[in-house]
Each structure stands twice: as structure tokens, then as C-alpha cells.
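Since the structure comes first, as C-alpha cells, the remarks are kept for the end.
Where a number appears in this text, it was derived from the coordinates with a stated rule and is not lab data. Values in this document were obtained by computation on a predicted structure and should not be read as measured data. Cβ placement follows ideal geometry from the backbone for every residue including glycine, while neighbour counts extend to all protein chains displayed.
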Amino acid sequence: MSEINRETTAVPNNPFAVVARQVTMSGHAFDVQKVRFRLPDGREREYDLVDHADAVTILPVDEAGNIWFVTQYRIGAMGKMLELPAGVMDEGETPLESAHRELREEIGMDCREMKHLGGFWMAAGYSNEFMNCFLARGLIEAPLEQDEDEFLSLSKMPIEQAYQMAAEGGIVDGKTLSTLLLARQYLLAGN
């Protein structure tokens, strides 16, 4: 599957028209915009939009058949979460370039094979962040320095155990669950 362009995933012939945009808050990780739309019946309505850079999630599998995870504190959950390596794309990066960089930053490895699995909108009701998902195989040591605000713990587990944990509610991170779903046909079928 080729990389998904976020502009091509929108509904064709969209009857909604943006009339105006105004940034109402600027933050470290995202901005909030007030977006005025013209609805199909001609009325106008304002919506709040979290303007967030696109991101990547990577499912790294080693030669022994283990999936590598990171655990980190997440402010929205007010606790630590088990997740796949992931991160925001730097300006000018392709999703593939971001996936390689994030893999190196978060688990200290790169890979010989990076397969694009697809992607999804993180929360399309209020955010424009698009997540590209990858399967990384043939892991090789190639560390990069982690971001200064990341305090990550690494762990790994057999593929079957990770899917069982997800099915039993032991993994609650949305991007991790989505990426596991997209990779299932390649990991559980032995492809």
C-alpha cells in the first residue's frame, strides 16, 4: 500500500465551504482555530479545530517475533501508557522519513524493511491530525537522541501476547490499537 495523502482521504464534492479561519490559541504542540463553514443549506456555523501536525506510528518486530513498545506518561490519561513508537512529523518530512527517525529516537533502532500499512484521522470531529502507520522489520541498532521531554521505558513481547493483551483491554492507546489492527494480516498470517 502506498502512503496516504491526507488531502485525498476527504469526501469528494464536499458541499461544505470554509468561509473564514482564525487562530484563537497557539500552543506548543498545536493551535486551535475557529473555522466558519457554509453548510449545504446556505447557513453558516463556527467550529473549533485543533490544528495539529500529522504523525506516524511504527510497529517494530524483531527477528525473534517480538513487538517493541514504549511506556510513557500521557497528560490526557493522567498516567503511563503502553504504546507503539510514534511521533509528529517534522516539517518537510515524508511519512516514511518520519517513521525511520521516530523509530531511531524512541527505541534506538532502524529497520531494513518499513511497510506502510495505511492511516487514519486521529479525531476528525475536532482535529486535522492524520496518522500514518508502518510495520518495521529487520531491526538494526541505530540510536538517535530522544526528544528532551520524553522519558520512555522500552519493552517487548511476542506478537500473539500483544494481540491477546489488546483484546483483553490491556492496551488502551488508540493509535496502538489501530496500528495493531492494520498489521494483523501481516503478523498473524505469517506474511
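From the residues 176, 100, 60, which one has its Cα farthest along the dipole of the chain in the positive direction, the dipole being from +1 and -1 charges on Cβ of Lys/Arg and Asp/Glu about the Cα centre?
176
Describe numerically, in nm with one decimal, the distance between label points set 7 Å from Cα along Cα→Cβ at residue 137 and at residue 62.
Result for the modelled spin labels: 1.8 nm.
Would you mind checking the tilt of helix 95-107 against the longest principal axis of the Cα atoms of the chain, expressed as 0 to 90 degrees and rounded to 10?
50
What translational diffusion coefficient, in µm²/s and rounded to a whole number, does the Stokes-Einstein relation yield for region 17-92 at 25 °C and a viscosity of 0.890 mPa s, taking the hydrodynamic radius as the Kirkwood radius over Cα pairs?
On the way: Rh = 15.9 Å.
My calculation gives 155 µm²/s for D.
Over the residues of the chain, compute the C-alpha Rg and express it relative to 2.2 N^0.38 Å.
Values: Rg = 18.2 Å, N = 191, 2.2 N^0.38 = 16.2 Å.
In units of the globular-protein estimate, the chain measures up at 1.13.
Taking 0.36 nm per residue of separation and subtracting the Cα-Cα distance, what length does fully extending residue 71 through residue 124 add? Don't skip to the end; give the middle numbers.
Numbers: separation 53, 0.36 × 53 = 19.08 nm, distance 2.56 nm.
Answer, rounded to one decimal: 16.5 nm.
Tell me, what is the percent relative contact order of region 103-191, built from C-alpha pairs under 8 Å that lie six or more residues apart?
On the way: 95 pairs, mean separation 25.8, N = 89.
About 29 percent, as a whole number.
For the chain, with the dipole built from +1 on Lys and Arg beta-carbon atoms and -1 on Asp and Glu ones, taken about the Cα centre, which of 85, 117, 71 lies farthest toward the positive end?
The Cα lying farthest towards the positive end belongs to 117.
What net charge is computed for the residues neighbouring residue 110, neighbours being all others with C-beta under 12 Å from the C-beta of residue 110, Lys and Arg scored +1, Asp and Glu -1? Each step should come with its number before you reach the end.
On the way: positive: 101, 104, 112, 137; negative: 97, 102, 105, 106, 113, 141.
The answer is -2.
Roughly how many debye, to the nearest 20, is the charge dipole of the chain about its Cα centre, given +1 on each Lys and Arg Cβ, -1 on each Asp and Glu Cβ, and no other charges? Walk me through the numbers before you get to the answer.
Details: 17 positive and 31 negative charges, 167 e Å.
The dipole magnitude comes to about 800 debye.
Rank these for me by crowding, 157, 25, going from fewest to most other beta carbons within 10 Å. Each step should come with its number before you reach the end.
Details: 157 16, 25 12.
So the ranking, lowest neighbour count to highest, is 25, 157.
Using only alpha carbons, build the gyration tensor for region 10-52 and give me the equivalent ellipsoid semi-axes, biggest first, whole Å. Don't skip to the end; give the middle numbers.
Numbers: eigenvalues 106, 30, 7 Å².
Over the Cα atoms of region 10-52, the semi-axes work out to 23, 12, 6 Å.
Could you work out how far helix 174-187 tilts from the main Cα principal axis of the chain, as a 0 to 90 degree angle to the nearest 10?
50
Relative to the present Cα-Cα distance, how much length would full extension add between residue 153 and residue 22 at 0.36 nm per residue of separation? List each step's numbers first, then the result.
Values: separation 131, 0.36 × 131 = 47.16 nm, distance 3.91 nm.
Once the chain is fully extended between residue 153 and residue 22, it gains 43.3 nm.
Rule-of-thumb check for region 112-191: C-alpha Rg over 2.2 N^0.38 Å?
Details: Rg = 14.4 Å, N = 80, 2.2 N^0.38 = 11.6 Å.
That ratio works out to 1.24.
Could you please rank 26, 127, placing first whichever residue has the fewest other Cβ atoms within 10 Å of its Cβ? It would help to have the intermediate numbers written out before the result.
Details: 26 9, 127 16.
If I rank by nearby Cβ atoms, fewest first, I get 26, 127.
With an 8 Å Cα cut-off and a minimum separation of 6 or more residues, compute the relative contact order for the chain in percent. Mind showing how you got there, number by number?
Values: 375 pairs, mean separation 42.5, N = 191.
RCO, the chain: 22 percent.
Averaging sequence separations of C-alpha pairs under 8 Å and six or more residues apart, then dividing by the length of region 10-52, give the relative contact order as a whole percent. Provide the component values of the computation, followed by the final result.
Working: 73 pairs, mean separation 14.5, N = 43.
About 34 percent, as a whole number.
Between residue 31 and residue 45, what is the spin-label point distance in nm, taking each point 7 Å from the Cα along the Cα→C-beta axis?
A separation of 2.4 nm, rounded to one decimal place.
What order do you get for 57, 24 when you list them from fewest to most C-beta neighbours inside 10 Å?
Values: 57 26, 24 10.
Placing the least packed residue first, the sequence is 24, 57.
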